[in-house]
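Shown next, in structure tokens, is the structure this report addresses.
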Amino acid sequence: MLKIDALTKSFGQKVAVDNVTFDVDKPMMIGIIGRSGAGKSTLLRIMNRMDNATSGSITFGNVDVTGATGAVKRQWQSRCAMIFQQFNLVPRMDVVSNVLHGTLNRRSTLATMFNLYPQDEIHKAIEILGRLGIAEHAPKRADALSGGQQQRVAIARALMQDPEIILADEPIASLDPMNAQVVMDALRRIHEEDGRMVIANLHTLDTARRYCDRVIGMRDGQVVFDGAPELLTTDAARDIYGAGADFSEEATSTQIETLDQAGSLELLSA
Amino acid sequence: MSDATHTGSNSTEFIQHSYLALVRRRRTYGGLTLAIFVLLMVSGFMIADDRNAGGFWSGWHQVLDFPKDVFSEAWEKRAELPASLAKYFPSLIETINIAVASTLIGALFGLVLSLLSTRGLARWPRAIPLFRRLMDILRAIPEIVVALVLIFVLGGGPIPAMIAIALHTAGALGKMFSEVAENSDLKPVDGLRSTGATWAQSMMLGVLPQVAPNFLSYALLRFEINIRASAILGFVGAGGIGAELSRAMAWGPGRFDEAAAIFLLLFGTIVFFDQVSSRYRNKLTEG
Ligand SMILES: Nc1ncnc2c1ncn2[C@@H]1O[C@H](COP(=O)(O)OP(=O)(O)OP(=O)(O)O)[C@@H](O)[C@H]1O
Ligand SMILES: [Mg+2]
């Protein structure tokens, strides 16, 4: 289905993504872990084609999207939505407009200029917001929302694209533990209910363990682990994070730990 | 212990010394710069005075003669002033029209040029130097030169003036816009681009809302400047109130009252738009 082959990206001398190869045969939820600078963000940005690879290829279905340009590239981007750590919404615009930005690929520049969105798409945007539990914020400005709410608006924008793949670059890294869980639950639900592939960069090991069907570990641009989360032993993690014998998993998991102390799914279901 | 404090005070002394030396050096440079500046001013003035046929010193008291003539004649015929004001009002509107049109067109081009030449936003990053140089050139050529060339080619009238001012405005505003755009937040742009939006769409939705208040404020400032430019270009055949003024003045005594009326119109207009635009600009940058 999705095939990444020998993907490499260098910035001058620095090789940020080094010969990354993996294959995904059916929609699943994949977590990419690795310490800061391992190349996780770069990998996702190349997959979405916001950055260009130095070499290697990305194939989806039977289509090679590595070298696509112009409308073909934008078509691919609309099928492979992206979620960012800092939400990357347009702060001065209202929530619904931000969600509708997910349809820009189908809109002409002129229609965009006059803010002409068809009524059924506006309805659909609000439905998606409802699904994510934030419909009541629809008319507010995006920057009036909390971080967790903004991230859910970003997920709504991604869903508005009706994508086959959702790429999430550290979607919970700037959220408090409660909101982090709400957002991760939403991503998991999207995968299970809609059958979309989700690939998320994650800082913490236990988030990857808890939510993902498969974990890819990166170190210095290379894939050093690829397998089921159960196989992710402390030794394997030590290898990914490049830590010495003093490595402890807690070092990578401050967030979820506090979450467990705070204790609960009940708190968050509201 | 005492050793450590000793070396400590020693190094403090050293820093004091070297800092004072630095200050002295800076002052010397400052003094030198000032001296060179004064020298250049004096020599430049002397050269200008030499070249000036009449000589500045012999002619400067006549500077006041012209306004005096205009004033006295206007005062004698003050009863006709309202009629003159009404007579020249249409050409004032023409001058303002030229300024409005050229500011709008110039700002639009400046906007596109600025986005094309801002790192991080540019449509073709490799062409950034090209668009920057283009703006430099547009800015460097005075409006009056372009206007004269165009009037020579196209003949007189408001169109050459409009094109000339619009070109200059595009260069000037493009540079200012680009500086504002450079500081804009790229996160929304990345977000929009990731959805498969076109460059134009991402700029329109991601950048424009951020920079609009600053851009408008600069454009208003430019509009003030362009009213003056448009009046001046009238002198060289671009029509409007400048043309009327040049006609009235060339006529010499006898129509000085009309020249005075035109001066009044121009002065009033400029003050009016200065006030309006500064009020709006304050609002824009505060809100
Ligand atoms: N535009 C760029 N120019 C130069 N070097 C870059 C650029 N983007 C990333 N890099 C380098 O590539 C490497 C990988 O960066 P990347 O952002 O992909 O890491 P990451 O795994 O996402 O880290 P983090 O967890 O901190 O987000 C880093 O060493 C970084 O300095
Ligand atoms: Mg990153």
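The values are calculated or read from the model by the stated rules, or taken from the named source; none is laboratory data. Since this is a predicted model, take the numbers as computed values, not measurements. So basically every Cβ, Gly included, is an ideal-geometry build from the backbone, and we count neighbours across all protein chains shown. Calculation scope for accessible area: heavy atoms of the full protein, side chains included, ligands and nucleic acids excluded. Shrake-Rupley method; radii C 1.70, N 1.55, O 1.52, S 1.80 Å.
Taken as a whole, the stretch A:215-223 holds at least one residue that is among the acidic types (D, E) and closer than 21 Å to A:L43 by Cα.
Considering (1) assigned to a helix (DSSP H, G or I); (2) of a type in the set (D, E); (3) under 17 Å from the mean Cα position of the chain (by Cα), the lone condition that A:D51 does not fulfil carries the number (1). Taken over the stretch B:169-190, the residue count meeting the criterion of being open to solvent by 30 Å² or more (accessible area, probe 1.4 Å) and away from chain A (no Cβ under 14 Å) is 5. Considering only residues in the stretch A:1-38 that are more than 26 Å from A:A237 (Cβ to Cβ) and among the small types (G, A, S), the one that is surrounded by the most Cβ atoms within 10 Å (Cβ to Cβ) turns out to be A:S10.
Of B:R132, B:R193, all but one fail to be away from chain A (no Cβ under 14 Å), basic (K, R) and surrounded by 15 or more Cβ atoms within 10 Å (Cβ to Cβ); the exception is B:R132. Among the residues of the stretch A:85-95, are any within 11 Å of ligand 1 (Cβ to nearest atom), without any contact (Cβ under 8 Å) to a residue 60 or more places away in the chain and either away from chain B (no Cβ under 14 Å) or buried (at least 21 other Cβ atoms within 10 Å of the Cβ) (or both)? There is no residue in the stretch A:85-95 that is within 11 Å of ligand 1 (Cβ to nearest atom), without any contact (Cβ under 8 Å) to a residue 60 or more places away in the chain and either away from chain B (no Cβ under 14 Å) or buried (at least 21 other Cβ atoms within 10 Å of the Cβ) (or both). Pairing residues of the stretch A:147-173 that are touching a residue at least 60 places away in the same chain (Cβ under 8 Å) and more than 16 Å from ligand 2 (Cβ to nearest atom) with residues that are of a type in the set (D, E, K, R) and assigned to a loop (DSSP other than H, G, I, E, B), at Cβ distances under 8 Å and at least 6 apart in sequence or on separate chains, gives A:G147/A:D176; A:P163/A:R196; A:E164/A:R196; A:I165/A:R196; A:I166/A:R196.
Selection of the stretch A:97-132 for residues being at the interface with chain B (Cβ under 10 Å from one of its Cβ atoms) and open to solvent by 10 Å² or more (accessible area, probe 1.4 Å) yields A:S97, A:N105, A:R106, A:R107, A:S108, A:T109, A:L110, A:A111, A:M113, A:N115.
Restricting attention to the stretch B:206-243, the residues that are in contact with a Leu (Cβ under 7 Å, 6 or more places away or on another chain), within 14 Å of chain A (Cβ to nearest Cβ) and open to solvent by 10 Å² or more (accessible area, probe 1.4 Å) add up to 1.
Every residue, every condition in (1) open to solvent by less than 60 Å² (accessible area, probe 1.4 Å); (2) in the same structural domain as B:S217 (by TED's automatic domain parsing), yes or no:
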position	(1), (2)
B:L39	no, no
B:F71	no, yes
B:A83	no, yes
B:L104	no, yes
B:S114	yes, yes
B:R139	no, yes
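Can you say whether A:S41 is within 14 Å of chain B (Cβ to nearest Cβ), among the polar types (S, T, N, Q), within 16 Å of ligand 2 (Cβ to nearest atom) and surrounded by fewer than 22 Cβ atoms within 10 Å (Cβ to Cβ), as far as the supplied structure shows?
On the way: within 14 Å of chain B (Cβ to nearest Cβ): yes; among the polar types (S, T, N, Q): yes; within 16 Å of ligand 2 (Cβ to nearest atom): yes; surrounded by fewer than 22 Cβ atoms within 10 Å (Cβ to Cβ): yes.
Yes; evaluated as a whole, the condition is true for this residue.
Look through A:I256, A:I190, A:I172, A:I166 and report the one residue that is under 19 Å from A:R35 (Cβ atoms), touching a helix residue (DSSP H, G or I) at 6+ places or on another chain (Cβ under 8 Å) and either modelled with pLDDT of 90 or more or in a strand (DSSP E or B) (or both). Residue meeting the stated conditions: A:I172.
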